[in-house]
Structure formats: C-alpha cells, structure tokens
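Where a number appears in this text, it was derived from the coordinates with a stated rule and is not lab data. All values reported here derive from a predicted model rather than from experimental measurement. As a convention, Cβ positions derive from the backbone with ideal geometry for all residues, glycine included, and neighbour counts pool all protein chains shown.
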Amino acid sequence: IDLGATTLKIGAFDVTDGTCLSLKSVETELITEKKDWAEYNAVGYKNNLVTTLKNLCSEIDISRIGGISVSSQGQACVLLNKENEPTRNIFVWFDSRGAEQARRFNELTGENISSFASAAKWMWVAENEPDVWQKTDVIMMLPEYVTFLLTGERVVDRDTAASTRCLDKNELAYSERFANACGVPKRMLGRPAAPGVLIGKVTEQGMSEFGVPVGTPVFTGTNDQLAGAIGAGNDEPGIISGTVGTAVALIANIDPGTGSAGQKYPIPGQKYALAFGKTGAAIFTWFRNNFAPDSDYTELTNKAALVQEGSEGLICIPHFQGVATPSFRDDVRGAFLNISMNHTFSHFVRAVMESVCFSALESFELLKPRLGQLKRFRLLGGASQSDFWMEMMCDILGTTVELPEQTEAATMGVALIASVGAGFYSSLTDAVQACVTVRKRFQPNQENRNKYLTSYRLYRDSMEKLYKGAL
C-alpha cells in the first residue's frame, strides 16, 4: 500500500520475480481552503482505502497474500478521539500552516524543524482548534492509522515517526522532551519500529471492512521515498535513486568511505541522504489545470518539443511552496522570469519542464560528494513515463539515467519489505536483486547540456537575487 500525497495505490506482487499481479489506484481529493493548508476529508479517505483494497482483493487469489506493508508520505497525521474516530480532517504532508509553531519549537528545543513537520501541525491545532484538541486522545501517523484499521495495533515505522520531529533516533522511541515541547503526552503516540517488523495480523473487523483474510501478517513499511528507492533497486552505496512526482526527491546511498553522516536506510548497515524540492511534476499539473485544462500531458509535451533547449532564455522558478534543500525557506515562491515578446505558450511549457530538472540538478550536486563514486542513477515517478522529459533530465544532469521496469516502485518496495518480514527472503538485498530490473537507459547529450547549463546559471543567479541564500 502506498499512501502518496495525491494518489492512493495498492499493488499485489509475486515476490519470486517482482511481477505485478494487480495494481489499483485512486486520486485523493485535497482540501486547500487557505494558503499553506492541505488536508483530506477523513471519512472520504478511509472510504477510498476500503474501496481500493476490496477492488484489488477481488482480482487476486487472496489466499496467496503472504503479508502487507505500507509506504507513506511523511508528516501526514490523523487525530482521533477515545473511540478512535477522527476529530478533524487529515493533515497532508505539505500542509505548512505551522510556521509560527515551528519557530517556537525551535526556540524551545534547539532543533530546526520545518513548518510542515507533524509537531508544528499538532501545536497549531492545540492553539487554533482548542475544541478539537480537547477531544483528541490519540495521534496516529497516516500509515499507522491504516495498519491500525487492519490489525488494531498502534505501531509506526521508524522513518515516518522521524518526520514528526519528535523521535529519539538513538532510542527508537518518541522523545519526552520533544513531545513536551509541542504539548503532546507520549501516551498519545504509537510505538516506533524498524521497517519489516510484524505489527500484528488482520482482525475479523479488518477482514470485514477491507476483504483481506483474517490472520494476514502486517509489517511496518517506510517513508514513500525510501520505499521507492528500494523498489528502484537502490541496494548498495554509490547509487542515487529519485522520484519526480509531486515533489522532486533524490536519495543517495552513502559510501561509508566518504565519512558523510546519514540516516538509517531500510537495508541494515546502510545509510542515506535525502535532498528534495517541494514541488516537482506538481507544477506541470498546476500549469495544465490553469492554462490548458483541455490538453493532456502528451499534447503539452509535444508543444514543449517545438522549442529549443533552454526555452530561449525563459526561466521558471519551480519553488511554488518554498524550498527544502539545502535549507528550509518557506518565503520562497515560484516565478517566470526573462519573458520576451517572442516567447509563446510552448516556451512556457518547456520552461516548466526544465525547471523541474533544474531542481533535480540542485539536489544531485549536493549529494554527489557523499557517494564516493556514482554507480547508478535511477528515476521513477509520473514524469518518468515521458521519454522526452527523461531525455531532458538526463542531459541536464549529465549522467546516464536508468528507469526501473516496475514503475510503481514504492508499492514494490514495501512488498519486498513484507517479503523479508514474512521470511520469504533472508535480506532486503536478496529481495531487490531477485525482483528489480531496468527497462530503459538514457545517455546524456553534451551539446544539449551546454545549452541547458546556460539557463541553469541564469536560474541560479535569479534565485540568489530574489531569495538570497536560499540555494
């Protein structure tokens, strides 16, 4: 199960070779009533989950289900009362209304958290929705809520728990000091566990609601970006894998020889570093919805192909909701710059697509020194379905780009985590090597890259003038 920001996906995989037996998805309806707000209707979200999982189960032999695991956006959380009913809408990860609360948390703890950290969201509710806060007895992270509905157990994976910014990573437990700083008693929070740990088994109620057999084991998963990295075959130091979806996120499997610090990776003994831009292909969707609602993505891509590399100087700044790498800056916003009379609609389309690649290049340049030697670079996400966009990405990055055979890598990744938890494989590395293959490779064109780099330098200069120190 993959709980993305805009889409909920559920897949069934044959883990002997990685074959996808069935995949169901549904778009999640975002509620964005005010600037910086992003929520789901709690009842509607659960109904989507129930319907999608039941639809999947109707197409497969459910007696063969060996385990379930969940990948999820970080920071998303559900507040519930004593009857385990939601007391308000579900927070989406990029809801950033808690800027003031994050600043105060930083002052209290010395920890530098962003406005979309779960802790900032909780503080905002306590201060702005006191009636809701008074009714709230339990806080669950989104994947924890889903597995609770299946098993009745409150366990959250380590990586999602870390996105609250209240986790003591050394102890694998929520920190009393951090929880107190945001006014949340630790009893309100679940138990963190490493990926692949047995949470429990599907209950009678879980079967009744979702159609999954009683007794099916459910395992902790991981953050959706890390699940995607596993599903893309990022299984050893020296590999970078990335997703060009709602956000642009790159994960580097750190070479220990570089001496770089990193976070624990789902594969024991390995560490990773993450760099990302908050808005990736989401701005392409925004552009289409607002300026070409009757066009599909292929039509827009064909228009972009009419324009030369570099969009003849037209620059798009893609940071529509602030920047996250190398530091969090909520004040940064998107822009189109250097507009001339010769620029057409097609130029704007191409500039948007190039800007997403520029965001990826920023992250790539930050991560490369932590790799030692780059062994492979793999990409997935919605944008990877466009060869034109991937050729552009390859030229701008200046390195070979590989696309995994299984495009829904996050669902594949947690399926592999479940396969290890269930004992089908002895290690996640064995599971990856058995199931992950490459379907396509793109090689960079240096002549094209030179043209793009001229635009990239203009983009960087513009960012420095508009938002000094943001990059």
Counting Lys and Arg as +1 and Asp and Glu as -1 over every other residue whose Cβ sits under 12 Å from the Cβ of G259, the net charge comes to +1
Answer in debye to the nearest 20: the dipole magnitude of region 232-471 about its Cα centre, from +1 Lys/Arg and -1 Asp/Glu charges placed on Cβ, is 480
To the nearest 10 degrees, the tilt of helix 142-151 (Cα long axis) against the first principal axis of the alpha carbons of the chain is 30
To the nearest 10 degrees, the tilt of helix 409-421 (Cα long axis) against the first principal axis of the alpha carbons of the chain is 40
In terms of the alpha carbon gyration tensor, root eigenvalues a ≥ b ≥ c, rounded if a/c is under 1.5 and otherwise prolate when a/b exceeds b/c or oblate, region 415-471 is oblate
The exposure ranking of W133, W286, W93, W389, fewest beta-carbon neighbours within 10 Å first, is W286, W133, W389, W93
Options (i) 39, 26, 22; (ii) 61, 30, 17; (iii) 34, 26, 22 for semi-axes √(5λ) of the Cα gyration tensor in Å; the value derived from the coordinates is listed as (iii)
Note: probe point = Cα of E236 + 7 Å toward Cβ; backbone nitrogen < 17 Å; residues of region 413-452 passing the test are 427-438
Ranking C394, F424, L274 by how far each Cα lies towards the positive end of the charge dipole of region 232-471 (+1 on Lys and Arg Cβ, -1 on Asp and Glu Cβ), the top one is L274
The answer for GluC sites (Glu not before Pro) in region 37-86 that fall in a DSSP coil and have at most 15 neighbouring Cβ atoms within 10 Å is E59, E83
Summing +1 per Lys or Arg and -1 per Asp or Glu among the other residues with Cβ less than 14 Å from Y425's Cβ gives -4
Within region 392-414, the residues whose backbone N lies under 16 Å from a label point placed 7 Å from the Cα of Q446 along the Cα-to-Cβ direction are 395-400
Residues L379, L416 in order from fewest to most other beta-carbon atoms within 10 Å are L379, L416
Amide H proximity to K271 below 5 Å, modelled H, separation 5+ or other chain, gives I254, Y265
So, relative contact order of region 2-225 in percent, Cα under 8 Å, 6 or more apart, is 21
Filtering GluC sites (Glu not before Pro) in region 142-223 by DSSP loop and by at most 15 other Cβ atoms within 10 Å leaves E171
Flagged as over-length at 28 Å C-alpha distance, from K24/K169; K9/K368; K34/K451; K34/K135; K82/K121; K9/K440, the pairs are K24/K169; K9/K368; K34/K451
By Cβ neighbour count within 10 Å, fewest first, C57, C166, C77 rank C57, C77, C166
Inter-part gap, Cα centre of region 215-242 to Cα centre of region 373-412, in whole angstrom, is 16
Any residue on another chain or 5+ positions along whose placed amide H is under 5 Å from the amide H of V92 is listed here as A38, E39, Y40
In terms of the charge dipole of the chain, which places +1 on Lys and Arg and -1 on Asp and Glu at the beta carbon, the residue among G413, I68, P444 farthest towards the positive end is P444
